[in-house]
Amino acid sequence: MSNINYKNALQEYAQKINSELPTYKQIRIPVSNLWYSTVTYNNISITGNQCTRKIAADLSAAEMALKSIDPSDDIENIILNKYEPFDLFTHALNMPQTDKISVLIDYENINKLEHLHNLWSHSGKILPILKFVAHDNPHAEKYTSTHIIPCSGKDAVDHFISTFIGFHLSVAHMKTVIILTRDGFGEHHSLFYRDVHNGIKPKVHYCTSERVCVKLLKHLGCKKENIIPHYKFDSNLPVSWEYLKIYNNSYNINYSFNRTNEIKAKYHMALSDGTANMKISNIIETLKKQDYYFIRNDFPYHIKDNILHYLFWHKDKYTIGEAKKNILSNHANIENLIIFTNSRIVQSVLELSHYHVFIKEKI
């Protein structure tokens, strides 16, 4: 987690531009007991994500406000935490990634990369390419489109990478590990795991340059994709089909997708006037008569115009694969789709199981 207090940072920015200090309005959502907050400063109002506590809702709104600041503004003294810290210790790593190959980069001493900012895949699945830096390293701010891992302190990258490898080996996640570093710990890891005889025998490769790493990836059958991942998407930009594909078939995504300000306002109005509760009640009644309910999302994510956002409501009995099969077999006009489910941390409706489904319109 970042040590940045977004409310303080936004207040500093407001003072810097001689604006009135930010004010916050919190609203509790009755159904879920979650909170959202709207911050107003410099004649701008911005609403943050839903949170379990009021203070967290304020911080989310302040964070959104900071990220909406035009980069050309004079904010050199305001530290903006623009990266999304990667959730290291989860079972699915939050993406439909392959468990066969992982690339762990010591970004403290190898930070001039050309090819490893792109997505790489193996057998159609995305490789985890993780860049470890000290928490106060400027590289943690520089690259917002790739997985930057802020460590707990200075000179802690080697320990953090070791901990990461140990954890994921313990749950049998990784079979081939590539460590990209000029530090001696990389070689020590490769020698240690070469001699392991306890049944867990991963292949640990040690590379001292991107060129060697790329050559090894190609030798292992990996493919460089022509897109750079945007795991932390600019809230002002609509999400693309290519970006959504990263999350296809994933369970328990912790990333909170954004909505346009217009959709946010519409959603908050529906919460306030009871319309949202009525919709949920109608879905509950429908599911008493049938196993699932497939409908357009009234409050879609901020996605490109040629992508349609649906919801697959069900009685907690459909896997993603089963849901996808039902949709494709019962809707002849749909040829391809992207489907995933959010974790309970970011779900807006907790009482009903549902998948998010995206369909690309034919042009």
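Values in this text are rule-based calculations from the coordinates and carry no lab data. What you see is a predicted model; the values in this text were computed from it and never measured. Quick reminder, even Gly has a Cβ in these numbers, built from the backbone with ideal geometry, and neighbours come from all protein chains shown.
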Just grab the label-to-label distance for Ser19 and Thr208, each label 7 Å out from Cα along the Cβ direction, in nm (one decimal). 5.0 nm
Calculate the spin-label point distance for Thr40 paired with Leu352, positioning each point 7 Å from the Cα along the beta-carbon direction, and give it in nanometres. 3.3 nm
Ranked Leu113, Leu220, Leu350, Leu271, criterion: other C-beta atoms within 10 Å, fewest first: Leu350, Leu220, Leu113, Leu271
For the range 335-343, just list the computed ³J(HN,Hα) in residue order, Karplus coefficients 6.51, -1.76 and 1.60, θ = phi - 60°, integers in Hz, with x standing in for Gly and Pro. 9, 8, 8, 10, 9, 7, 10, 7, 6
Table column - 3J(HN,Hα) (Hz), the range 276-288, Karplus curve with 6.51, -1.76, 1.60, x for Gly and Pro: 4, 5, 5, 4, 5, 4, 5, 5, 4, 5, 5, 6, 6
Residue-wise, which Karplus ³J(HN,Hα) couplings in Hz belong to the range 46-60, taking 6.51 cos²θ - 1.76 cosθ + 1.60, θ = phi - 60°, and x for glycine or proline? 9, 9, x, 7, 6, 9, 7, 10, 4, 5, 5, 5, 4, 5, 5
Residues whose placed amide H lies under 5 Å from that of Val204, excluding near-sequence neighbours: Val177
Determine, for each peptide in 297-305, 241-249, the mean count of other beta carbons within 10 angstrom over its residues, then list the peptides with the highest first. 241-249, 297-305
Rounded to the nearest 0.05, what FRET efficiency is calculated for Leu220 and His117 with R0 set to 22 Å and r the Cβ-Cβ distance? 0.70
Amide H neighbours of Ser343 under 5 Å, counting only residues 5+ apart in sequence or on other chains, H built in-plane at 1.01 Å? Asn252, Ile253, Asn254
Rounded to one decimal in nm, the spacing of the 7 Å Cα→Cβ label points at Thr286 and Ile55 is 4.0 nm
Charge dipole (debye, nearest 20) of the range 6-67; +1 at Cβ of Lys and Arg, -1 at Cβ of Asp and Glu: 160 debye
Which entries of Lys7/Lys264; Lys7/Lys224; Lys131/Lys264; Lys203/Lys304; Lys54/Lys266 have Cα-Cα distances beyond 29 Å here? Lys7/Lys224; Lys131/Lys264; Lys203/Lys304
Using Cβ counts within 10 Å as a stand-in for footprinting exposure, how do Asp291, Asp183, Asp58 rank, fewest first? Asp291, Asp183, Asp58
